[in-house]
Structures are given as structure tokens and as C-alpha cells.
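One structure is given here, and the rest of the page talks about it.
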């Protein structure tokens, strides 16, 4: 569940369903059907109901104090001589609901109301409150490896910014700028979520790369499986990627498009090189641009999809640009050292 106060309404509804189920005399077949439909509407409904049940079980195990107002026999004992200790020891002990003089339904409803208002509310905020946070930023030509508390390792590329937040529910990382490679340590159902612009990558244990460009988010996978969700103005998109898959997501529309890739391409920048294997020219330029001080211009839409295969040194990206005419029917011009212009021949 995300950290949204409105989610607390799920717990309120779950407590209502739990209370109604305890009253078997009024629990109908239609109630059962409606309850099952409610569970299926949202996975968070099922989770909230399970947690309400666990909370109630814990509440039942709590030792209840004796009532300040006793029943008739307790009142009589105030005036009668005290019974021998061995007699008191064998006296049946009244249940805490009996001592309160309340029907169990009223106690259950009141207890659950209390749990929802206090216990569940406190539990919910504990589950979604940060237990670990970190803000990391790299400068030009700086790369940094970060080992997280769960053993996951993040390699941050130059000019990148990352926010890390761990809660008992979820490990969430936000790539605000630049590029990062994630080597995720599996932790059961404790999901590892990477967010960047309008894109969310959710995994259990895997290795993958995320790069935030001016118009796109690029996701490529070295090993394991990731689920990529993106949002746009009108639609949401979802794609599952395996090792060797890559995806680019439009920042404006959320539209996802697969991109040619291989497992070794994901995070190759860590070794000081970029790998291209039939990669569209416009994607190559997007990636090279982050290592350039001069802007690169592509002139003409017809050259944008040209497939490029080769290796580029991140320390000398201009060498690759100068070699492009040997790979493609293009012209590369360095205009007074101010801008690189690439056009068709």
C-alpha cells in the first residue's frame, strides 16, 4: 500500500465486515457474497481485513482488568466474611465480558472501534512511516556505490539524485535525476520499488538499470524479472521485463515501447563503456549526451531510427560520434566546438 491517508478507510471498512461476521444469526448468504466481492475489488481490502483479524486476535489475548462494579455475588462478598483461600481458588472465574455486564456483540463492536481509532491507526502509520531514509547526489564525473540496510546495492551514475525510504511495508527509491543500476537483495514479499517521473519499477530480487532522460525513462534488465508501470494523462501501462529486455517510457503520455537490448547492456556504464546493439540512433544520442558538454542535434526524422551497434567510451564520447559515418549513412559536424550536428547524407 502506498503512504496515503485515505487508505485508512480500508481498515474502517474491514473492521465493519469483521464485526458483522461475528454475529452469525444475522450473517446472510448475500452478506457473504458481498463481502467476497469487496475483497476482490482491491488487494488492499484483503490485506486490511487480515490485519484487522490479527489485531483482534492480539486484543483477545490481552489480560482484562476486573470490573469496578461487580455482580450480585461480588456485592454480597463485600459484607459477608471472606471465604477460605482454598474455596476462592476453586471458584469459577467470570469472563471479562460477564464482569462488565455487556453482551459480547457490544464489547466486540466497541473494541474494534477502539482498535480502528487507536490501535489500527497507530499500526498503520507505523507500517508506512520511514524506518530508514537517505538522500544521495553525485556530481559531474562522479559515480558512487551505496549499500542499503537489506544488502541491496545501488550504483549511481554521474549527475544523479536518489532518495531512499524504507518502511516495514516497502522499500521505495526515487530516481529524481540521472541514472542508477540496482542490484536488489530479495526479502520475501517486501517489494523493492524504484520510481522515476511517471514510471514505477517493482521487483523482489533482480538487477536492472533506470535512466531518466529529458523526454523518456529507460529501463533495462540484466537478470531476474521486473514489472514496469507508467501513467499518462489518460491511460496507465504495464509491462513485465526479463533479462535482456529494455523499455522506454514517454514522460508525457506514459506510453511504453520496447527497445533492442541485451543483458550486458544494462548498467554497462559502470565499466566505463556504453554498449549498443541495433539501438536506434536517437536513443544512442540520448545516452551519449549525458557524457557530453556540447549539445548534439539530430537533423531530420528519417535518421532517428537508424540501428547502431558498437561500443562507446564514456570518457571520450566524441570518438564514437566521429566514427558514426563509418557505421551509418550520416554526416557528423562539430560546429566551432559548440554543438555536434548529425544529419543524413
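The values are calculated or read from the model by the stated rules, or taken from the named source; none is laboratory data. Just so it is clear, the structure is predicted and the values come from calculations on it, not from any experiment. Please note: Cβ atoms are built from the backbone with ideal geometry, for glycine as well, and neighbour counts cover all protein chains shown.
For the stretch 302-317, a residue qualifies if it is surrounded by fewer than 18 Cβ atoms within 10 Å (Cβ to Cβ), touching a helix residue (DSSP H, G or I) at 6+ places or on another chain (Cβ under 9 Å) and outside any strand (DSSP E or B), and the qualifying residues are 304, 305. For the stretch 257-284, a residue qualifies if it is in contact (Cβ under 8 Å) with a residue 12 or more places away in the chain and surrounded by 20 or more Cβ atoms within 10 Å (Cβ to Cβ), and the qualifying residues are 261, 265, 266, 267, 269, 274, 276, 279, 281, 283, 284. Among residues belonging to the stretch 230-245 that are over 12 Å from residue 197 (Cβ atoms) and within 19 Å of the chain's Cα centre (by Cα), point out the one that is surrounded by the most Cβ atoms within 10 Å (Cβ to Cβ). The qualifying residue surrounded by the most Cβ atoms within 10 Å (Cβ to Cβ) is 241. Looking at residue 259, is it in contact with a helix residue (DSSP H, G or I) (Cβ under 9 Å, 6 or more places away or on another chain) and under 14 Å from residue 218 (Cβ atoms)? Spelling it out, residue 259 is indeed in contact with a helix residue (DSSP H, G or I) (Cβ under 9 Å, 6 or more places away or on another chain) and under 14 Å from residue 218 (Cβ atoms).
Scanning the stretch 174-192 for residues that are in a strand (DSSP E or B) and either out of contact with any strand residue (DSSP E or B) (no Cβ under 7 Å at 6 or more places or on another chain) or modelled with pLDDT of 95 or more (or both) turns up 174, 175, 176, 177, 178, 179, 180, 181, 182, 183. Is one or more of the residues making up the stretch 114-133 modelled with pLDDT of 90 or more and surrounded by fewer than 20 Cβ atoms within 10 Å (Cβ to Cβ)? Looking through the stretch 114-133, at least one residue is modelled with pLDDT of 90 or more and surrounded by fewer than 20 Cβ atoms within 10 Å (Cβ to Cβ).
Only residues that are in contact with a helix residue (DSSP H, G or I) (Cβ under 8 Å, 6 or more places away or on another chain) and not in a loop (DSSP other than H, G, I, E, B) were counted in the stretch 285-296, giving 2.
Examine the stretch 223-238 for a residue that is under 20 Å from residue 263 (Cα atoms), assigned to a strand (DSSP E or B), in contact (Cβ under 8 Å) with a residue 40 or more places away in the chain and in contact with a helix residue (DSSP H, G or I) (Cβ under 9 Å, 6 or more places away or on another chain), and state whether such a residue exists. Scanning the stretch 223-238, I find at least one residue that is under 20 Å from residue 263 (Cα atoms), assigned to a strand (DSSP E or B), in contact (Cβ under 8 Å) with a residue 40 or more places away in the chain and in contact with a helix residue (DSSP H, G or I) (Cβ under 9 Å, 6 or more places away or on another chain), so the answer is yes. Within the stretch 212-222, restricting attention to residues that are in contact with a helix residue (DSSP H, G or I) (Cβ under 9 Å, 6 or more places away or on another chain) and assigned to a strand (DSSP E or B), the residue that is surrounded by the most Cβ atoms within 10 Å (Cβ to Cβ) is 221.
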